[in-house]
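First comes the structure, then the notes that go with it.
The values are calculated or read from the model by the stated rules, or taken from the named source; none is laboratory data. None of these values were measured; they are calculated from a predicted model. Positions of Cβ are generated from backbone atoms using ideal geometry, with glycine treated the same way; all protein chains shown enter the neighbour counts.
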Amino acid sequence: MILSQNDISILQELAKEYMQYATLPLQQKKKELWLALNRFEMQRPMIVIDQIPWHEMDVDGFLKNQVNHPYWAMVETALRQSIYKWKYMPADMVLPPYIMLPRLIQNSGYGIMVEEERLASDTANDVVGHKFYNQFEEMEDVEKIVTPTISVNRKGEQEIIEIAETIFKGIAPFKMQGHTVHLGLWDAITQWMGVENCYIELMDRPELMHAIMDKLTNSTIGMIEQMNKEGVFDAYSNVCHCSYTFTDDLPSSSCNLDNPTSKDVWAFGLAQLFSSVSPAITDEFEVPYMQKLFPYFGAIYYGCCDRLDDRLDIITKMPNIRKISCSPWSNREEFARKLQKNYIMSNKPNPALLATDSMSEQEIRADIRRTMKAAKDNNVNLELIIKDISTVRYEPQRLWKWSQIALEEAENY
């Protein structure tokens, strides 16, 4: 793993700038606000911006990669994006006072390759449209699912550590960052079968769908147990599914942060497919399987773009959940009214408001105020995470302005 002097110099300059921001007293103040929210003692609603269309955001060339080595270019990208967010749209982000280096974790997968067609919105964009082909025609196809094999390239990691010590010496500490587990098993199934086929089989062959979920759940448990043996979970980012997870009890005081187990970290679950089915389907096809998986973890963030206001009583049957997503598809007033007080309302403002021909600041402010009123009227702890932002119409200033408006409204709460 050879880096040129130019690569090293670029990383050093980025690390210096990053640490200027990461060591500001404001970072600790933001962390304390998150701690208060996560212990259900919210001082004000908290604001996050994530899942950004980075290909639309570069205004001065700063986001353009210059490092040649693939691994260190990934580190460079993370530094550039963190610096950019802090300068232009920080909201309530917290920069850790160290640089995170991804661990070299290999996951062999569940044994099934996605078969699909893709469609992009423009040549610069990531893939935004998918057509998936069904790989579960018969009950025997369930046997295609295998337990993933988890391995760590320890030699490669040691080499990264040695290089990092050279690059960042006297500039910044660094940590090897592990993995956060995605327990949204239905996301995988929809890619293996296609959404329409999933709906049809839930009606016509529920026994097939239960067999798939049972096999996939057991395979995931096998994966988690391997990850515990390897100690490859993430205890350093304090982020799970775009939400900050600073808490008083996780990780535990006895946790080895360099080799944490699942009991000391957060994971996230979701069943976005079920937005278009009855709550009873969630109860039958999601709850019993997550009741097996969620106890492995210290805490769970649940939900994403799925509608959940009509099934919160069912969601709360699953253990260890602390935050529940209130997507644009949920009625936020009903969500806040029904939410039990030992959960945090994780609202997702509608990113479509950033994609209109002419962005309306008045409409954005009204949308945020409506959510905050629903939370206040029901004494609910609240965070707002704007995410899944497909486009800002190549006007990054729209997102900068959203950050400013949301913070103003939060501070006036």
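A few points about this structure:
- Residues that are of a type in the set (D, E, K, R) and under 27 Å from residue 42 (Cβ atoms) within region 337-360 comprise 337, 338, 341, 348, listed in sequence order.
- Of all the criteria given as (1) over 30 Å from residue 35 (Cβ atoms); (2) touching a residue at least 24 places away in the same chain (Cβ under 8 Å); (3) of a type outside the set (Asp, Glu), the one not satisfied by residue 182 is (1).
- Close pairs (6 angstrom Cβ cut-off, 6 or more residues apart or separate chains): closer than 20 Å to residue 162 by Cα in region 72-84, at pLDDT 95 or above and crowded, with 17+ Cβ neighbours inside 10 Å anywhere: 73/67; 76/67; 79/14; 79/18
- Unmet criterion (only one of (1) under 30 Å from residue 375 (Cβ atoms); (2) exposed (fewer than 14 other Cβ atoms within 10 Å of the Cβ); (3) among the hydrophobic types (A, V, I, L, M, F, W, C)) for residue 59: (1)
- Here no strands (runs of 3 or more DSSP E) wholly within region 272-380 include at least 3 residues being at pLDDT below 95 and of a type outside the set (D, E, K, R).
- Selection from region 216-242 of residues that are crowded, with 18+ Cβ neighbours inside 10 Å, out of contact with any Lys or Arg (no Cβ under 6 Å at 6 or more places or on another chain) and under 22 Å from residue 36 (Cβ atoms): 235, 238, 239, 240, 241
- Taking region 210-232 as the range and being in contact (Cβ under 8 Å) with a residue 12 or more places away in the chain and basic (Lys, Arg) as the test, only 215 passes.
- Restricting attention to region 21-71, the residues being farther than 28 Å from residue 345 by Cα, in a helix (DSSP H, G or I) and either out of contact with any Leu (no Cβ under 6 Å at 6 or more places or on another chain) or among the basic types (Lys, Arg) (or both) number 4.
- So residue 189, is it among the β-branched types (Val, Ile, Thr), over 20 Å from the mean Cα position of the chain (by Cα) and in a helix (DSSP H, G or I): no
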